[in-house]
1. LEU52 - would you say it is in contact (Cβ under 8 Å) with a residue 60 or more places away in the chain, assigned to a helix (DSSP H, G or I), surrounded by 14 or more Cβ atoms within 10 Å (Cβ to Cβ) and hydrophobic (A, V, I, L, M, F, W, C)?
2. Report, ordered by the first and then the second residue, all pairs with beta carbons closer than 7 Å, sequence separation of six or more or different chains, a first member in region 65-82 that is among the β-branched types (Val, Ile, Thr), and a second member that is assigned to a helix (DSSP H, G or I) and exposed (fewer than 15 other Cβ atoms within 10 Å of the Cβ).
3. Could you grab me the full set of residues in region 1-45 that are within 25 Å of the chain's Cα centre (by Cα) and among the polar types (S, T, N, Q)?
4. Go through region 2-27 residue by residue and tally those that are over 19 Å from VAL80 (Cβ atoms) and loosely packed, with under 13 Cβ neighbours inside 10 Å.
Amino acid sequence: MELTEAIVKAACALGAGLCMGIGAIGPAIGEGNAVGKALEGMARQPESTNNLRLNMLIGCGVAETTGIYSLVIAILLLFVFK
């Protein structure tokens, strides 16, 4: 194995790790914040529970796509770019 090939493989592995590390913590923090604020709103105004729950689930679904995109990029870095 050539030195440049080894460097490329190491860079891909490092990039995949960073991608998942950074790409997983952002949605986790965002979803936790969204759920916490939605629960606070439900506690203050119980009559708006259905509306808050629907918007919270839609927001969590949108935020989770960031984690899924980073997973796809990490898989591409590990298995496709060799």
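Only the coordinates and a few stated rules stand behind these numbers; no lab work does. This one's a predicted model, so the numbers in the text were calculated from it and none came from an experiment. Heads up, the Cβs are rebuilt from the backbone with ideal geometry, glycines too, and the neighbour counts pull from every protein chain shown.
1. On the way: in contact (Cβ under 8 Å) with a residue 60 or more places away in the chain: no; assigned to a helix (DSSP H, G or I): yes; surrounded by 14 or more Cβ atoms within 10 Å (Cβ to Cβ): yes; hydrophobic (A, V, I, L, M, F, W, C): yes.
The answer is no for LEU52.
2. Matching pairs, first to second residue: THR66/GLY26.
3. ASN33
4. Within region 2-27, the first condition is being over 19 Å from VAL80 (Cβ atoms), and the residues that meet it are 2-3, 21-22, 24-27.
Retained after the next criterion (residues that are loosely packed, with under 13 Cβ neighbours inside 10 Å): 2-3, 21-22, 25.
Number satisfying all stated conditions: 5.
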